[in-house]
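Take a look at the structure below.
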Amino acid sequence: MAPRASKAPRWRPSLSALPAKGNKSMTISGRFPVPFLLLGVIPTVIPAPSAGSTHVEQQAADTLNDVVGIVRSAESGVPLAGAMVVVLSTGGSAVTHGDGSFRIAVPDAERHRIRIDRLGYAAATVEVGQGEPAAVDLEVAAIPLPDVVVTAVLSPTAANETIRPSAVFAQEKLQRRLAATVAQTVASVPGVAVGSMGPGTSQPVIRGLGGDRILMLEDGQRVGDVVNSGADHATALSPSSARRIEVIRGPSAILYGSNALGGVINVVREEVPRAVPYRATGFTSLQGRTATRAVGGSSQITVGVTEHVPLRVEVTKEQGGDLRTPIGTLAGTQTDTWSVAAGTSWVDDWGYAGGAFRYYSNDYGIPGGFLGGHTNPVRTEQERAAGRFRSVIRPGRGFEAIELDAGYTWYRHNEWEPPDILGTLFERQIASGEARARHAGWGPFASGAVGARVSWEHFGFGGALYSPNTRRRTQAAYVLEEIQLDPVLIEAGLRYDRVELEPNKEEMSDIGHIRARSFSAVSGSLGALVRVTGQFTLGASVGRAFRTPDVHELYSEGPHLAANSFDVGNPSLETETGLGIDVFGRITGQRLSVEVTWFRNTIAGYIFPQATGKLSRVLLPIYQFVGEDAALTGFESQLGWSMPAGFTLEAAASHVRGTIRATNEPLPFIPPLQGRLAIGYSPVDWFVEAEARMARSQERTGRFEEPTDGYAVLGISGGRRLTFAGRLHVVTLHLENLGDTEYRRHLSRVKEIMPEAGRSISLAYRVVF
């Protein structure tokens, strides 16, 4: 270990490149060019280190409380810019500079494990000492090693070592799959499908479950929109500025909420900075797509204002026109989205504490003017303002960390009928607080967490859809523990939730007795992972989760015009109680990876809008919310093979069968058997891939639900990676639906009138600095 030296002041970047306070150029407009381009010039303003020299030894002498080093190509010895380096114990991270060097502040400890990821190379995990310069050589790899999961686990864990099936989109994989919505971005994951009423309304469906049975998180916190109240509601999240997106399939109730029957999707941005960068870091990206004539971009930068204070700023803008299909244009489906965010914190040896604010706006259209639909297209406006506080304290004495979170979210959703008539209004306000303590090495427990959460919510409604304004209060407490008994890892958890709903008035109505309701239940999970050999693991988990009926399902009565439905609630609905079982096997080798999962989810009191076959007075189909016992059973499989000479093969398939147990009728809106096959070629600096997406016909449909035909859609993508001026640049080109195939997704609510997008070209560019 290098001798201890006096701690030198950290390098502080100049802030001259940032917009001045009150600068009108930061105002977002609906036109291009947009203000994120101003942040986009920052990489050219901030000087990059020369490629011919490194400062690792000097950095080691500056401070002992840092992890420093250099990342190189094992094949050529050339320093690698743009590699992501993460300290696994703290989550602190840095991007390597033009000379391959990195430097990360860490709490005082003799050794730290770090993980290094770089496009075109296999990830590496190494152990380093504080102040000891580390030299890490990365091997070229066509298929990267599984990325690290931080959602629904006690500590950062490789995706192939989790007890629940998981997928991570980060770095190049995220750029390759990046789309206009989160659901479309993660659609390649086995078991994930997309429900929509146009390009602006995509909702994820996991194992046949959607709405709030899937927890949509942003940096581990609930988004707070109303996506569960209608198929026409978009998720108030943009994937453009995401650092990573994690998908956890199956019940994940313990840490995040009892209603996670289907799974969790976490969009990780790290809005509250956890470390002070020694140099400005961030990215700028631009993208466009011809199918919707969409253009957009995002830019994010994090700088060290002082030795203890980082500042993160982000701007995103996306704009698109009507969707073009092989048989015409789907009118009224334009989109216009923008968001701004800023976050800062105080970082010290004990941990960090800080806050962040985000404003999100999304205007999108719902098609109309067709038989069986509303007369004209509907324009929807979404607004979301969210502030949060987060602190992570590392007290030692058996505790790895104490995490404190608090937040407030205001959300408004307006649906406008021409000419500017407010058809439906939703408003939601949420205030929440959570405390969680993580420990390691307590007796038989390898790691664990105990925590509690409280929240207060207010739901407001307006327009033609009648639902009483309602308050909701929730309290929860939970514990999750891991026991390591090599070669077996056991995870067990318990969670208690209580939910109280109180409408603003008690009354008798046509749908029943509108009154206050309260629910409480205990959720639990038990899982095991067995390493049979060095490359083969078996796993199984069982989880009990419960979901309370939401305000819309209990109290709604009236037309929901954008969803083309007349919704009838049921004030007497009881809770859903789900029992989920997963059994899987994994093979993870240097060249071959395989995972096969079987699952079954039985849900008592499954709540869904049942089509009655009747029309309301305003000629909208009537949907009655009912609770029936249901079962969903299926499988997921995926394969990745790194063949000789840089060629790769990827294959995936998934299927779910949903049934109402009392009548053996099919559940409505269940995706069919679907699959994906891709063949690629990926040398170090570029890649090309041919892909086929397939789905079988779906004829097993719910009442008054139309069947759909099967399809196969072809696409080609390619990309180029290069280091220029000490920064990593990546360009990606997609040719989608090459044959201009006319096909329809079963979960599309407008499939009767319009197919999915026709032939389209997408182009994306990203620079990392």
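The loop-placed trypsin sites (Lys or Arg not before Pro) in segment 597-692, going by DSSP, that have at most 14 neighbouring Cβ atoms within 10 Å of their Cβ come out as Arg617, Arg661. Across the options Leu714, Val684, Ser697, the greatest Cα extent toward the positive end of the charge dipole of segment 681-769 (unit charges at beta carbon of Lys, Arg, Asp, Glu) belongs to Val684.
Under the combined filter of DSSP loop state and at most 16 neighbouring Cβ atoms within 10 Å, segment 184-235 retains none of its trypsin sites (Lys or Arg not before Pro).
For a Förster distance of 51 Å, can you work out the FRET efficiency between the beta-carbons of Asp486 and Arg515, rounded to the nearest 0.05? Walk me through the numbers on the way to the answer.
Details: r = 54 Å, r/R0 = 1.06.
Efficiency, rounded to the nearest 0.05: 0.40.
One chain, two ends: Leu404 and Tyr681. Fully extended at 0.36 nm per residue, the span grows by 95.2 nm beyond their Cα-Cα distance.
For Gln475 and Glu381, what does the FRET efficiency come to when R0 = 41 Å and r is the distance between their Cβ atoms, rounded to the nearest 0.05?
Working: r = 33 Å, r/R0 = 0.81.
Efficiency at R0 = 41 Å is approximately 0.80.
Inter-part distance, segment 524-585 to segment 239-264, computed on C-alpha centroids, equals 12 Å.
Order of Glu381, Glu699, Glu218 from fewest to most other C-beta atoms within 10 Å? All intermediate terms of the calculation are to be shown ahead of the outcome.
On the way: Glu381 15, Glu699 12, Glu218 25.
Result, fewest neighbours first: Glu699, Glu381, Glu218.
In the chain, the calculated helix contribution to ellipticity at 222 nm averages -1000 deg cm²/dmol per residue, counting -39,500 (n - 2.57) for every DSSP H run with n ≥ 4.
Think of segment 181-243 as a dipole: +1 on every Lys or Arg Cβ, -1 on every Asp or Glu Cβ, centred on the Cα centre; then among Gly210, Pro199, Thr235, Gly210 lies furthest on the positive end. Take 703-714, 267-278 and order them by the average number of nearby Cβ atoms within 10 Å per residue, most first; the result is 267-278, 703-714.
From the alpha carbon centroid of segment 457-508 to that of segment 706-722 is 38 Å.
Expressed in whole Å with the largest first, what are the equivalent ellipsoid semi-axes of the chain derived from the C-alpha gyration tensor as the square root of 5 times each eigenvalue?
Details: eigenvalues 334, 168, 147 Å².
In descending order, the three semi-axes are 41, 29, 27 Å.
Under the definition of Cα pairs under 8 Å and six or more residues apart, what whole-number percent is the relative contact order of the chain? It rounds to 10 percent for the chain.
Taking the Cα centre of the chain as origin, work out the dipole magnitude from +1 charges on Lys and Arg Cβ and -1 charges on Asp and Glu Cβ, in debye rounded to 20. Working shown, then result.
Numbers: 75 positive and 77 negative charges, 162 e Å.
I would put it at about 780 debye.
Grab the chain and count how many Lys pairs have their alpha-carbon atoms under 26 Å apart, sequence gap of 8 or more, or different chains. Can you show the working numbers first?
Details: Lys21/Lys317; Lys24/Lys317; Lys173/Lys317; Lys614/Lys751.
Lysine pair count for the chain: 4.
Considering only DSSP states other than H, G, I, E and B, which GluC sites (Glu not before Pro) in segment 522-580 qualify as loop sites with at most 13 other Cβ atoms within 10 Å?
On the way: sites: Glu553, Glu557, Glu574, Glu576; in loops: Glu574.
Loop-located and lightly packed - none at all.
In terms of the mean number of neighbouring beta-carbon atoms within 10 Å, the peptides 446-455, 541-550, 666-675 order highest first as 541-550, 666-675, 446-455. Each of Glu705 and Leu422 was given a label point 7 Å from its Cα along the Cα-to-Cβ line. The distance between the two points is 3.5 nm.
In the chain, taking the dipole from charged Cβ atoms about the Cα centre, the farthest positive-side position among Gly262, Gly100, Pro503 is held by Gly100. Near Trp416, the amide H atoms lying under 5 Å from its own belong to Arg379, Thr380, Glu381, Gly423; only residues 5 or more places off or on other chains count, and H is placed 1.01 Å from N.
All of the numbers you see were taken from the coordinates with simple rules; none came from a lab. The model shown is predicted, which means the values in this text are computed figures rather than measured ones. Cβ: placed from backbone, ideal geometry, glycine included. Neighbour counts: every protein chain shown.
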